[in-house]
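Please treat every number below as a calculation from the coordinates, not as lab data. What you are looking at is a predicted structure, and each value in this text was computed from that prediction instead of being measured. A quick note on method: Cβ atoms are made from the backbone with ideal geometry, for glycine too, and the neighbour counts reach across all protein chains shown.
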Amino acid sequence: MRGGFAGDAVRRLRANPAAVLALGAICAVVVATLLGPWLNPNNTETLDWLHVAARPGLQSAHWFGTDRLGRDLYARTLAGTRVSIAIGVVASILSILVGVSYGAVAGYVGGRTDHAMMRIIEILSGLPLIFFVIFLTVIFGRSESLLFISIGAVGWLTMARVVRGQTLSIRQQDYIAAAIASGASSGRIIAKHVVPNVIGPVVVYATLTVPQIILFESFLSFLGLGIQEPGASLGTLISEGVGEMEAAPWMLLVPGSFLAVLLLCLNIFGDGLRDALDVREG
Amino acid sequence: MTRYFFTRLAGAVPTLFIIITLTFFLMRAAPGGPFDQEQALPPEIAANLESAYGLDQPVWVQYGRYLKSLLHGEFGPSFKYKDFTVTELIGQGFPITLQLGLMAMALALFVGVPLGTFAALHHNSAADYATMSLAVVGIAIPSFVVLPFLGLLFGVYLLWLPVAGWEPGSIRHLVLPVLALALPPLAYVARITRGSMLEVLRSHYIRTAFAKGLPLRTVIVRHALRPALTPVASYLVPAVASILTGSLVVETIAGLPGIGRYLVQGAINRDYTLVLGMVIIYSTLLIGMGLIVDLLYAWLDPRVRFAK
Amino acid sequence: MVPTLSIDELSVSFAHRSSTVEAVDRVSLRIAPAECVGVVGESGSGKTQLFLAVMGLAGNAEVSGSIRFEGRELLGETAAAINRVRGSKLTMIFQDPMTSLTPHLSIGTQLAEVLVCHSGRSWAEARAIAGQMLERVRIPDPRRRLSQYPHELSGGMRQRVMLAMSLLCEPALVIADEPTTALDVTIQAQIIELLRTMRGEAGTSLALISHDLAVVAGLADRILVMYAGRIVENAVAGELFRRPRHPYTAELLKCVPSLSGPRPARLPTLAGQPPQPGDALQACPFAPRCPRAADRCRIERPPLMGASTSQVACHFPLS
């Protein structure tokens, strides 16, 4: 039955041209960031004093131009995209793990524990995380471990809610009562019955969590609270680009377009996946 | 109805209280904070802190003094700007941020709701798909990308609008920032309205309204709109949070002297009292918004007023 | 005399996946002024879709044929033209009073807006007239009810409000779609009594749709029996019950339990299922379940034949 469900979903997804295109674009970007350095040998660090703030051009050595210090924008943008995607994926995995565990426990145990756990999520959802992050930054200073923790804190709320909703409804099913009656332990029940059934929504919301996290990281980096020099993510590149907007617009346009396309495609694909699997929040 | 309001108010005050208390004690307890005895502070700051917080007194007395000063609207001295108190800084910047935020919220609602309604009425048509595609763009692309791009287009190439800067009373300088700030909530509101309107239009009471021979305009505005807006009301608090968050970036890029920019500067300069004051202000705004939304629910659906 | 409602070869079809579903299949009927016509049939027989199409509420359906109300063709008219008639001279009451009133508007507003929209009266005047109408439909304490909200009224009262709403502009035809189905039996009787009184007072025509013969029996002058989107029998009420001509009608009547007479060992039922909308048939739709079916029934569609008050669509009608 599960094979049929997945097959159905794939079919519906394929019928959605926007989602397919989006997926293609995402793959193209990922491939570009991985293979890009091979195509153009320019380094992210090298300062090319001969070509400071040069315009982009396919004929010149610097395809996307250079920045104010002569660094090649092509290399920097691809590197920045790599960083953004990497952080997005790693942090997403972390927040998924936290969110799924939290939600599964809440949904499975039920009762007052569930109620309390959900209240906590409600309160946390209401607070814009950015202020919390800023507050912590003020106290602890700018550090990259703080960055990771706060970024991870972005995605787990929705995931927890979704998983909890799914777990609750699965819990009500008769076959769970049968399993408990026949003496199966909670752990075994969760592993064998709950987990396979929540995979669908988890996959969908994971796909939607990644752009959320990339957005948040870029936001922090843009403000100067995220990745610090000499490392760069798309957020920092865009921030530099804004400063040079009138003189060297490509410094803004290149990383900005990369981020926009990446986020747009991730969202479109995530939406498409959600429609195909017909999943709703808890 | 009044009883409903006061019940909600009574619930909101403790929440605010908890936030204030938490931030107060967090700042005391956090290592590397300004009250950490190991920290070597410039003498003027130390003196300011001493007088404002009475650091030699027991913690509870300090807490009491802090609360009292809050009631007077005093947030304490600024760390970075030695001549100003936080209250003065906030007083300067708040009106600008408020103006920016209100305009963005108004744009989001007054364009988003009609757009969503339009899409619902033309369900599955080309116009519907176009509108919803624009909505995805609005949701996905962050304001710190949208605003500079708009600035490039309208400010640098077309020269229609100023790219950055601000003059008191100027509207031209607010156009692009408000637009960039309003875009994500506008997109969400349009999406939510469309979904909600589609559902409401399927209701039996809408069928009755049509059966009465009422024109489409009347059916939508008088019968369908209010129930359809309930999910939008639920979105208002996250919308305010989104606008507050966006204002940090928008004010920074556009050079608007609002409190959002102060917050960012405060974080980078480690201006504790400023950031603390800001967190309290923002929390109050959000909680206040929550209260307004509760009242809104009661207006939208009379059944809520009667519920215990 | 121009019939109040005149329907000819009306078909209502829906597109479903790759095929079309005919909910109403070339139906023709007339309703005269001050006449009460009962329309009886199982769910899926098309009786509701038929009248939704008359009201212009058929949604995405394809409607073809002719619908003439007081001599004027409705099909193909502009929305504005239909809205002039709809809700004023041609009104409809629905089956579910609990969900048919707008929850956030007061009863007074929902009643008054009909008058404000159609008769151009002021809101104050309209509310006053609405209050009077609430009295006529026997709602106690009408003035207070005007400012109340639907959720403060019981199901029976809400249905009376719907009735009041339909009578405000002195309609020529009121369509009542299962007006009592969702209500308790005692309330049912009250609503039927109310309908009877209204008819008597105003001379309004009434189209009473129901799956329940008992409801129809008390009110209708004439009864139309529908099956699979078609009219299979049309007879004066008394005649229908005494001498049904279509086998389906006969079977239906057998299924109505009687309070008098001996208790049957088993409640009689009709074998088989009604055809779902979508089972397109060239033949008689009742043939699979008909005890009198012959080969001709399975190939040839029986046309509705007979005089205006006694019609039957059957190759071998009962005599």
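Data overview
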| item | result |
| --- | --- |
| Neighbourhood charge, 11 Å Cβ-Cβ cut-off, centred on residue B:118 and excluding it, Lys, Arg +1 and Asp, Glu -1 | 0 |
| Cα gyration tensor, chain C - rounded (a/c under 1.5), prolate or oblate | prolate |
| Selected from C:195, C:270, C:90 as most flexible by GNM, with chain C as the system and alpha-carbon contacts under 10 Å | C:270 |
| Alpha-carbon Rg with Dmax, taken over the protein assembly as shown, Å | 35.0, 115 |
| Listed residues C:210, C:122, C:13, most fluctuating in chain C (Gaussian network, C-alpha, under 10 Å) | C:122 |
| Whole-Å distance, taken between Cα centres, linking region C:156-216 and region B:220-265 | 50 Å |
| Over chain A: helical MRE at 222 nm, DSSP H runs n ≥ 4 each giving -39500 (n - 2.57), nearest 500 | -25500 deg cm²/dmol |
| Charge dipole (debye, nearest 20) of the protein assembly as shown; +1 at Cβ of Lys and Arg, -1 at Cβ of Asp and Glu | 2720 debye |
| Helix C:155-167 axis, angle to chain C major axis (alpha carbon atoms, nearest 10°) | 80 degrees |
| Beta bridges by DSSP in the protein assembly as shown, antiparallel share as percent, to the nearest 5 | 65 percent |
| Prolate/oblate/rounded call for region C:80-179, Cα gyration tensor, a/c under 1.5 rounded | oblate |
| Calculated [θ] (222 nm, deg cm²/dmol) that DSSP helices of n ≥ 4 give over chain C, each run adding -39,500 (n - 2.57) | -9500 deg cm²/dmol |
| Chain A: angle of helix A:73-109 to the longest principal axis, Cα-based, in degrees nearest 10 | 10 degrees |
| Value of relative contact order over region C:96-168, rounded to a whole percent, pairs C-alpha under 8 Å and six or more apart | 44 percent |
| Protection-proxy order for peptides B:226-232, C:75-81, B:61-67, each taking the mean of Cβ atoms within 10 Å per residue, highest first | B:226-232, B:61-67, C:75-81 |
| Test item: Cα-centred dipole of region B:95-266, Lys/Arg +1 and Asp/Glu -1 on Cβ, debye | 660 debye |
| Net charge, residue C:59 excluded, C-beta distance under 14 Å - Lys, Arg +1, Asp, Glu -1 | +1 |
| Ordering of B:281-290, A:63-72, A:166-175, C:159-168 by burial proxy (mean other Cβ atoms within 10 Å per residue, highest first) | C:159-168, A:63-72, B:281-290, A:166-175 |
| Dimensionless Rg ratio for region B:95-266, taking C-alpha atoms and the 2.2 N^0.38 Å reference | 1.18 |
| Dipole in debye (nearest 20) - region A:77-227, about Cα centre, beta carbon charges: Lys, Arg +1; Asp, Glu -1 | 220 debye |
| Whole-Hz couplings from phi, Karplus 6.51/-1.76/1.60, listed for region C:288-298; x for Gly and Pro | x, 10, 8, x, 9, 5, 10, 4, 4, 5, 8 |
| Hz values of 3J(HN,Hα) by residue in region A:192-199 - Karplus curve (6.51, -1.76, 1.60), Gly and Pro given as x | 7, 10, 6, 4, x, 7, 9, 4 |
| J(HN,Hα) series, region A:218-224, from Karplus relation 6.51 cos²θ - 1.76 cosθ + 1.60, nearest Hz, glycine and proline x | 4, 4, 5, 5, 4, 6, x |
| Shielding score for C:101-114, defined as the mean number of other chain Cβ atoms within 10 Å | 4 |
| Neighbourhood net charge (15 Å Cβ-Cβ; Lys/Arg +1, Asp/Glu -1) for residue C:178 | -2 |
